[in-house]
Structures are given as C-alpha cells and as structure tokens.
Amino acid sequence: MDISGSTNAVEATNIVKKFGGVTALDDINFKVSTGNIHALIGQNGAGKSTLVKILNGVYPAGTFQGEIFVNNQHVSFDSTARARASGIAYVPQEIEVLDQLSVAENIFAGHIGLNSRIWVNKSRLERRSKALLEDLGLSIDTKSIMASLNSAQRHLVMIARALALKPSVLILDEPTASFSSTEVDALFDVLKLLKVNGVTMIYITHRLAEVIKVCDSATVLRDGKIVLEVERNEFNQDNFISAMSGQRLKNLFPVRQVDNKSKPTILKIENLSVQGNDGQVHGVKNINFSIKEGEILGLAGLLGSGRSEILHGIFGRVPSQGNIYIREKKVEIRSPKDARAAGISLLTEDRKRDGLLFNLDLGANITIGNLKYVSKMGIINKDDEKKEIERGINALNVKTTSEKSSVSHLSGGNQQKVLFSRVLMRKPNILLLDEPTKGVDAATRAEIYRFIVSLAEQNVALLVVASELEEIVGICDRCLTISDGIIIDEFYRGEGDEGRILKSITDYSYGGGKL
C-alpha cells in the first residue's frame, strides 16, 4: 500500500486479531494525524488494549492480520524494542517500575548511552533525569527510591521514562487514573508542550471530560470495531457514551434522595492521626468525623492531602493514633485482621499491586481471605465455595466465561468487580472504598455507582475516596474536604459542588493553612 501522501504519524489498516475463536479486533482501520492528541476510547473489553499492543509490538507481526505504518513507512514489529526504535513509546495504565531503584535509574532503565563499559555514570544519569522532570514541571527527587513514591508520582516517572527516548509517537494508557484535578491540569500543560514540539499522542482514557478538554480527535471502539471517528469540533459527551455502550446513559449517578441524619451512628473517628513521611504516607492530624448507617461519605482533596491515609489508618494498614468507635463501642484496630473482625472491609486503590493475585483463578480471587465462610474445621466445602463464587459473579455482573478464568485476561472493570465480590463476601457493615472506579469505563462506572447505592440502601456505611471531584459530589450524601492532613470543609448533598471543594482548598492554601 502506498501512503506517501499521508500526514498520519500512525496508521493501522485492516487489522484483525483473534484469540482462539474470539475476534478481538475486526477489520480495524485506525489513523492518527501527525501532531495530534488523539483519544482512543471505549468500554473495558472493547479492544483498545489489543490495538495498542499491536502498535507497540507486544503482539508481533504474524499474530494478527493487517499492516502498520509509522510516519508513512511500513513497519513490522517483532518486539516492543523494535517499536521503540521506530519512535513509538508506551506508558501503560498499570504501574511498571523497579521499586528498589532510584527515580533516575528507573527513568533510564535499559537505555544505552549512559554507561561506561564498567559502571553507570550516575551524575550524568541524575542530571538528565532532573532535566526531564523539570520539563514535566515536576519536583520529584531523582535520588528517591521508587517504592517511597505514591501512585501518581510513580506514573509520572513512567511518563518521563517514555520521553527519555524522544519518541515521535507517545501512547498514554489512562495516564490520570491516580491524579487529582490539579495534577491533571499540570499534565495537560505538558501534553500541550509536547504537541508544540511535534510529538503525536494516542490518549486512552475513560474520562470523557479529559477527551473534550485536551484531545484533537477521537476514535471509539465497541466489541472490536470502530463505531465512531470524530474531530474536535464534533465532540459531544452524550454521543461518546452512546457509541461506547450502544445506549444513552443520561445520568451516570443514580438519583438518591435520602435523609440519614436520623439514623444511628455506626462509625465514629476521634482524633485519628497517621504519621507522615516523604513517601506514600503523607499523614493526617486529629481527624474527627462519624458515619451513619446507610450513609455514603466522601473524602475529597488533592494528591497528598491524606485522604487514603485516613482509610488505611482506620483499617489498620498503617500505624495510627486516636479512637475508633463502632456503634458507640470503642474498638482497637492495629491490623487489617482487627478491622475485618470489627465488620470493616477495604477496597484498595491499586488492584494490581494490592488486590488481585494473578497466580490464582477468578474464583479463588473472590474467596481468598474468606475461606472460613466456606469451611468447617479447616476443611473447605467445595460446593459452598462454588455457590459463593457464583453469587459474587452474578451480583456484580462479572463478565467471564468461567470461574476458572485467569484474572489477567479480564478487563479493568471486571477485575475491579472481582475485588468488590471479595470484600463483600465478608458482609461488612462498613466499607472503605479507595478510588472504586479507577480505570473503568463509563458504563461500568454506572454499574458500580448503582451497586454502591444499593449497599447504602442495605444500611452499609460507605467511606469513599475519589480523585474525580464529580464522582464525590455525584455519589456521596456528605463530603469532607481534606487538605494538608486535616478536614477543612464539610457539606451535604446539594450544598456544594466541585467548585466549592477547589475553592476551600485554595482559600486554605493561600490563607497560610488557616480558614
């Protein structure tokens, strides 16, 4: 095929990819204009990851039908290294770093040109790393060990690593999944600068507001086919959702009009403090709040505000001081085991790092940690276990062919549902949710929101952390705004919005820490 007159940085023609008898991509013709930020969107399982893995050389030539062109040149990748050599850089959604190496070492891991024949030139490595991070507007210490960084910082280092190769095409898979709104805006400034410098970007996201804000064009996949291709002047959120789902989702958030004020308090937190450090634990100081039965309470704040530390302190994942009362009875929680015994469950933020066990199948991932519910005198009742697995799969509408399926083959949304099934098998009275819809599509988000509301209607108390302020305002009955480890604002449904949250944080920051 001759595309010498094309102005496309990347073009994939007539792509067909099958896994066994299942067609993952069906005659895909995908192109991205040079210098554009092009959105690739669709529900989990639509084929986005498969297409990207073909463009990135994960699925080598010969494992699919069709042709790939980069900057008008026909290419045939047999590895990701060959794709990188052709100018394609990829930043995956999941965190992939070397935890025990420094930031600088991670940025240039595997790159040539920085070493002498015997040793690593560390001063040059750190100097170039610092320059890259400064270009991104970041102040991350290049000597810091990766394990000490939080999820957003780790993801930013991955982006810097991809840019170290000076690619012509940068593929970003859910780059803002761990970011708050301020960090998202900072990243967008970087993307705009890269665009000015001639870098073409493929931007994969479930956040349609980001597509509308930063992208020049978009392609929507559904069931392995392209169902919509639009330029910026035709962007419309309802049309995106309709194309992704095959139906219109007028309101992602369930209508919920409740008054929990008369209900009994189920959880009371008194003077909770978590010691901070320079790594993932930022710390909180003398936190006080309570939650009623059936209430959905949101914790809003920017990255590093201490939102997740509150959840982890309550659940016993990190050392904490203060008092915790459940139904007016003081409880001692020094470990997750104590928390579970008190009727508290936690859905963690990073499902790959802290949640899923990839050496176990789907069913075992649901029952792991819950085997006491399906065993007697230490012996597992296989029939009871199967019933619990089926109940979890059906309750969360997990899309799978078998309970024996590998969780690695599930979409991000279905992986999240598996974790929900696990924590709910314990029938908690209090559920702590850390980024419950991270990395899932709009339709799956709507499912999760409805499920959260149904739990509240069963008198489960829910404490929710979410980086997307729209999600906090849309799903929660009450919101606490956190900044610098303390509560700076509180409002009920209908009394505030995203603007109120951001204003309270800004006022607090510019007031020198005083409201």
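Among residues other than ARG450 with Cβ under 13 Å from its Cβ, the summed charge is +1 (Lys and Arg +1, Asp and Glu -1).
Can you tell me how much longer the chain between GLN458 and ALA395 gets when fully stretched, taken as 0.36 nm per residue apart minus their C-alpha distance, in nm with one decimal?
Numbers: separation 63, 0.36 × 63 = 22.68 nm, distance 1.42 nm.
Going from the current span to full extension adds 21.3 nm.
When each of the peptides 124-131, 31-38, 361-368 is scored by how many other beta carbons lie within 10 Å of its residues on average, the order from highest to lowest is 361-368, 31-38, 124-131.
Once every DSSP H run of n ≥ 4 in the chain is given -39500 (n - 2.57) and the sum is divided by its residues, what mean residue ellipticity at 222 nm do you get, rounded to the nearest 500 deg cm²/dmol?
On the way: 16 runs with 163 residues, N = 515.
The helix-only estimate for the chain comes to -9500 deg cm²/dmol at 222 nm.
Which Cα, out of VAL418, TYR373, ASN397, lies furthest along the positive dipole direction of segment 357-427 (beta carbon charges, K/R +1, D/E -1)? The residue sitting farthest along the positive end of the dipole is TYR373. The ranking of SER335, SER49, SER148 from fewest to most other beta carbons within 10 Å of each one's beta carbon is SER335, SER148, SER49.
Quick one: length gained pulling ASP384 to ASP507 fully straight, 0.36 nm per residue minus the C-alpha distance?
Numbers: separation 123, 0.36 × 123 = 44.28 nm, distance 5.47 nm.
That pair, ASP384 and ASP507, stretches by 38.8 nm at full extension.
Comparing Cα centroids, segment 145-159 and segment 36-50 end up 24 angstrom apart. Ordered by the count of other Cβ atoms within 10 Å of each Cβ, fewest first, TYR59, TYR373 give TYR373, TYR59. Placing unit charges on each Cβ (+1 for Lys and Arg, -1 for Asp and Glu) gives the chain a dipole about its Cα centre, and among GLY316, GLY485, GLN237 the Cα reaching farthest toward its positive end belongs to GLY316.
Any idea what the dipole of the chain comes to, in debye rounded to 20, about its Cα centre with Lys/Arg Cβ at +1 and Asp/Glu Cβ at -1?
On the way: 63 positive and 61 negative charges, 238 e Å.
Using Cβ point charges on Lys, Arg, Asp and Glu, the chain gives about 1140 debye.
Spin-label pair ALA81-ASP238: with each label point 7 Å from Cα along the Cα-Cβ axis, the two points sit 5.2 nm from one another. Ordering GLY45, VAL190, SER148 by the projection of their Cα atoms onto the charge dipole of the chain, which places +1 on the Cβ of Lys and Arg and -1 on the Cβ of Asp and Glu, puts SER148 at the extreme positive end.
Computed FRET efficiency, Cβ-Cβ of ASP185 and ASN288, R0 30 Å: what is it to the nearest 0.05? Efficiency, from the Cβ-Cβ distance: 0.45. The loop-placed trypsin sites (Lys or Arg not before Pro) in segment 279-339, going by DSSP, that have at most 16 neighbouring Cβ atoms within 10 Å of their Cβ come out as ARG327, ARG334.
Using unit Cβ charges (K, R positive; D, E negative) and no other charged atoms, how large, in debye to the nearest 20, is the dipole of segment 357-427 about its Cα centre?
Details: 12 positive and 7 negative charges, 41 e Å.
Approximately 200 debye in magnitude.
Taking Cα atoms only, the orientation of helix 151-163 departs from the longest principal axis of the chain by about 0 degrees. Name the long-range amide H neighbours of SER33: under 5 Å, sequence gap of 5 or more, or other chain; modelled H, no Pro or chain starts. Placed amide hydrogens put ALA9 under 5 Å from SER33.
Values in this text are rule-based calculations from the coordinates and carry no lab data. This structure is a prediction, so every number in the text was calculated from the model and none was measured. Positions of Cβ are backbone-derived with ideal geometry, glycine not excepted, and every protein chain shown enters the neighbour counts.
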